[in-house]
1. Rounded, prolate or oblate, given the Cα gyration tensor of region 8-138, with a/c below 1.5 counting as rounded?
2. What are the residues whose amide H is under 5 Å from the amide H of Val135, where those residues sit 5 or more places off or on another chain and H is modelled from the backbone?
3. For region 113-181, which semi-axes, largest first and in whole Å, follow from the square roots of 5 times the eigenvalues of its Cα gyration tensor?
4. What are the principal axis extents of the Cα atoms in region 21-85, in Å, biggest first?
5. Give me the percent of DSSP beta bridges within the chain that run antiparallel, rounded to the nearest 5.
6. Which of Pro123, Leu218, Val30 sits farthest toward the positive end of the charge dipole of the chain, with +1 on the Cβ of Lys and Arg and -1 on the Cβ of Asp and Glu?
7. Assigning unit charges at the beta carbon (Lys, Arg +1; Asp, Glu -1) and nothing else, what dipole magnitude in debye, to the nearest 20, does the chain show about its Cα centre?
8. Between Lys149 and Ser225, what FRET efficiency comes out of the Förster formula 1/(1 + (r/R0)^6) with R0 = 30 Å and r the beta carbon distance, rounded to 0.05?
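The values are calculated or read from the model by the stated rules, or taken from the named source; none is laboratory data. If you're wondering where the values come from, they're calculated on a predicted model, not measured in any experiment. With ideal geometry, Cβ positions are generated from the backbone for all residues, glycine too; neighbour counts draw on all protein chains shown. Remember, those area values only see protein heavy atoms, side chains included, never the ligands or the DNA or RNA. Shrake-Rupley method; radii C 1.70, N 1.55, O 1.52, S 1.80 Å.
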Amino acid sequence: MADLMPTATKIVPVSRPDLGPAELDAVARVLASGWVAMGPETERFEAEFAAFTDARFACAVSSGTAALHVALKSLGIGPGDEVITASHSFIATASAIRLCGALPVFVDIDPQTFNLDPLLIEPAIGPRTRAILCVHQMGMPCDLKAILKLARARGIPVVEDAACAAGSEILWENEWQRIGRPHGEIACFSFHPRKTMTTGEGGMLTTNDPHLDARFRLQRNHGMSVPAHDRHSSPRVISESYDALGWNYRLSDVQSAIGRVQLRRLPEFVTRRRVLASVYRRLLAENPEVTAPVEPSWARTNWQSYCVRLAADLDQRAVMQELLDQGVATRRGVMCAHREPAYPEGTWRAAGNLRHSEDAQDRTIWIPLATGMSEEEAAFVAECLGRVCRR
Ligand SMILES: *Cc1c(COP(=O)(O)O)cnc(C)c1O
């Protein structure tokens, strides 16, 4: 096997989940309990996540995509409706809208923050607009204040795609508040291993509206009136009914047990990520060919991804290959849904041009950031980037 390894034997990975003995213990405890599907661990995880975000309700689901689908369905989004969102996001954002039978209306991003430009949302609003699905891209809080002002004036609900934003904060009424309180009607999180905390696969919805929370719970579990564990632990015989159409979007107790440990460790993960990001910011400032990401004064990102913009005349793919040759893995920045084969004309609408979205896809790359990285490794990455991009 050894001679099949690439020449650079040690590659700094783009990301790596931080899972340790505490997660192992938690899984062992659930396996020994005899109850591994959705049950008491998931209930505790939900209560702890609600307390963490300061939301009244949190409902666990099987993925971030499931959370987005349930959120939009619970708002009654369906055929003939339009939802305003960003094309410059992971495909699940726009696909959740289409899975409801509705039309995504794409608005361009602010090139500095990679988030929806609030000034462009207003002209995109039409008689069919039923929701705004804003994204906290790569963990960076979007301009919720401006978006909510627009939306509330027109009675349009706001769903936050907070898939990447667990642990991020926004300055709100002079205090730092966590993303997911939620500030809009619903926030949707992902616990995929690429995010800041993971359950392998998993997701969470938060809301302050008890009616929405009740709908989430029905939809994630076949519309079932009494979940299996409640029947199992009842001294009386209970039979369930199926009160709505739903899916199996449940999170298992094995996953929830991991999630509870990860949530406890999340503040420490975010602190570490912010230290590494500050090393990057300092070292990249010396490099005119590479632009570091911008954090607005009212935002504290978790740096789920660290995305740098390359000078216009640098070839994205060539830079990525040269970095890989030197031992640094990178990934192309965030994609644009409207450029994908699954998004032919007629399946979406653009409000204005999407040139900043396309430009960001073509000119940005993600460089490594993981809690297990040392500051020396971050400095090595910045040094390689400087060498590769210098002409
Ligand atoms: C990861 C991600 C999702 C999807 O989450 P999954 O848990 O992978 O389904 C949705 N939106 C954004 C912005 C994401 O980054």
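1. oblate
2. Leu116, Asp161
3. Working: eigenvalues 90, 33, 23 Å².
Here the semi-axes work out to 21, 13, 11 Å.
4. Cα spread of region 21-85 along its principal axes, largest to smallest: 49, 25, 19 Å.
5. 60 percent
6. Towards the positive end, the residue furthest out is Leu218.
7. Around 360 debye, computed over the chain.
8. The value I calculate is 0.15.
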